[in-house]
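**Q** Just passing along the structure, written as structure tokens.
The values are calculated or read from the model by the stated rules, or taken from the named source; none is laboratory data. Because the structure is predicted, anything quoted here is derived from the model rather than measured. Positions of Cβ are backbone-derived with ideal geometry, glycine not excepted, and every protein chain shown enters the neighbour counts. Side chains included, ligands, DNA and RNA excluded: accessible areas come from the protein's heavy atoms. Shrake-Rupley method; radii C 1.70, N 1.55, O 1.52, S 1.80 Å.
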Amino acid sequence: MALELKFGGYQGNRSVHTRGARVLVDAVAEETKGAVSLVFDENIAARGQKAADLLSLTENGDLDGCYFWSSYLARRVPELGLFDQHFVVPDRRRAYALLDGALGDRLRCKVAAATGYEVLGYWDNGLRHISSAVPIKSPGDCANLKIRTLANEDHQRVFRALGFDPVFIDVRDLPEAVMTGRVDAQENPLTNILNFGIHKTHRHVLLTRHLLGVTLVLFNAQCLGGLDPATRAGLQRAVDRSSEAQRRFAEEEDVICRAELHRQGVEITELDDDAREIFARTVRTEVEFTRSRLSPALRELFDKELRAA
């Protein structure tokens with residue numbers, strides 16, 4: 001009889017995370033030769049729970065695994081702040097190279113040491129951009145606008161430096177906050193801007209590419225410790241397969257969503273290198289503060305691998 005493991009998510013049917021997790025379900029069955037059955041709860045928010053509840057549910061063992069944005073764990077694992085350096089990692093190719101190399105291995109160890117999770121993979125949480133109810137072309141346009149962001153001090157400091165008034169709202173409550181005008185702006189990948197219906201109220205999107213979100217594929221450490229080596233290896237191969245597929249979905253989704261947003265009349269503004277550098281300069285002091293809390297060895301490894309990528 002197959003061992004049943006429970007894996008949780010928080011997004012809808014079309015999301016690249018949901019699609020990646022479906023690949024994971026099939027891959028687990030194949031790679032463990034039926035020894036493990038992964039049961040996927042696609043969207044806990046549909047039952048009224050907050051998306052962030054996935055983290056506690058997985059760590060305390062109510063779920064065996066989940067996916068979640070690394071930034072939510074940065075307070076507990078400061079090293080994850082490497083990927084909270086706004087306007088630093090310019091594209092997906094270099095981000096993947098960092099995650100799939102020595103730096104990614106180092107981060108796995110740091111998460112395991114500080115939490116009850118183990119990281120089995122890194123998924124693409126999207127290049128993040130700013131949507132708004134009014135046009136934004138430069139940092140000066142951000143003054144006094146309320147922007148939804150997550151409960152991460154580094155992110156909030158960066159947006160304050162741009163002139164925004166940042167507020168935390170769980171992703172479950174984000175569409176309503178946008179629709180009711182509780183926030184004037186928010187930042188997300190194009191797929192979320194479209195699929196959450198944010199574009200119906202926010203008719204302006206500024207393609208800042210300020211971060212590439214990193215989604216951690218997390219499993220309860222105690223659960224993994226109870227697996228025999230062959231099953232554990234099969235689970236890891238399955239996560240590797242799902243990561244490759246999920247990243248491909250994310251890249252394809254950007255093209256699809258941009259075209260659809262344009263078709264629906266959303267104003268999309270792309271920053272050239274000079275304009276993006278103005279944003280980067282405006283927040284550089286805050287980014288350096290984020291870096292200052294990391295060990296010199298880790299910063300050096302990050303910079304070395306980023307240059308080599």
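**Q** Report, in cubic angstrom per residue, the convex hull volume of the C-alpha atoms of the chain.
**A** Numbers: hull volume 37.7 nm³, N = 309.
Per-residue hull volume (Cα only) is 122 Å³.
**Q** Could you give me the percent of Cα pairs per 5 Å distance bin for segment 72-129, shortest bin first, beginning at zero and ending with the bin that holds the maximum distance?
**A** Going out from 0 Å in 5 Å bins, segment 72-129 shows 4, 16, 30, 28, 16, 6, 0 percent.
**Q** So what is the relative contact order for the chain, in percent, with contacts set as C-alpha pairs under 8 Å and at least six apart?
**A** Working: 553 pairs, mean separation 84.3, N = 309.
Reported as a whole number, the value is 27 percent.
**Q** Per residue of the chain, what 222 nm ellipticity follows from adding -39500 (n - 2.57) for every DSSP H run with n ≥ 4, rounded to the nearest 500?
**A** On the way: 11 runs with 138 residues, N = 309.
Taken over the chain, the calculation gives -14000 deg cm²/dmol.
**Q** What order, most packed first, do the peptides 64-71, 218-225 have when packing is the mean number of other Cβ atoms within 10 Å of each residue? Let's see the in-between values first.
**A** Values: 64-71: 24.5, 218-225: 19.2.
The peptides rank, most packed first, as 64-71, 218-225.
**Q** Which residues' amide hydrogens lie under 5 Å from the amide hydrogen of R203, considering only partners 5 or more residues apart or on another chain, with H built in the peptide plane?
**A** Those qualifying (amide H under 5 Å, at least 5 residues apart or on another chain) are S132.
**Q** Take each uninterrupted DSSP H stretch in the chain, measure its Cα extent along the helix axis, and return the ones at 15 Å or beyond whose mean Kyte-Doolittle hydropathy is at least 0.0. Write out the running numbers ahead of the final one.
**A** Working: long enough: 16-31 (22 Å, 0.14); 102-114 (18 Å, 0.36); 229-263 (50 Å, -0.97); 273-292 (26 Å, -0.82); 296-308 (18 Å, -0.55).
What comes out of the filter, once short or polar helices are dropped, is 16-31, 102-114.
**Q** Still on this model: Going by average Cβ neighbours within 10 Å, how do the peptides 280-292, 261-273 rank, with the highest at the top? Mind dumping the intermediate values first?
**A** Values: 280-292: 16.0, 261-273: 12.9.
Order by mean packing, descending: 280-292, 261-273.
**Q** May I ask for the percentage of alpha-carbon pairs in segment 225-309 that lie more than 14 Å from each other? Show your work: numbers first, answer last.
**A** Details: 2912 of 3570 pairs.
Result: 82 percent of Cα pairs exceed 14 Å.
**Q** Another question about this same structure. Per residue, how much accessible area does the chain have with a 1.4 Å probe, in Å²? Walk me through the numbers before you get to the answer.
**A** Numbers: 13040 Å² over 309 residues.
Each residue of the chain exposes 42 Å² on average to a 1.4 Å probe.
**Q** Round to a whole number: what % of the accessible area of the chain belongs to carbon and sulfur, probe 1.4 Å? Could the numbers behind the result be given before it?
**A** Working: 6540 of 13040 Å².
Here it works out to 50 percent.
**Q** List, in the order given, every pair from K33/K304; K50/K200; K110/K146; K6/K200; K110/K304 whose Cα-Cα distance in the structure shown is over 31 Å.
**A** Working: K33/K304 40 Å; K50/K200 23 Å; K110/K146 34 Å; K6/K200 35 Å; K110/K304 19 Å.
Long pairs (Cα-Cα over 31 Å): K33/K304; K110/K146; K6/K200.
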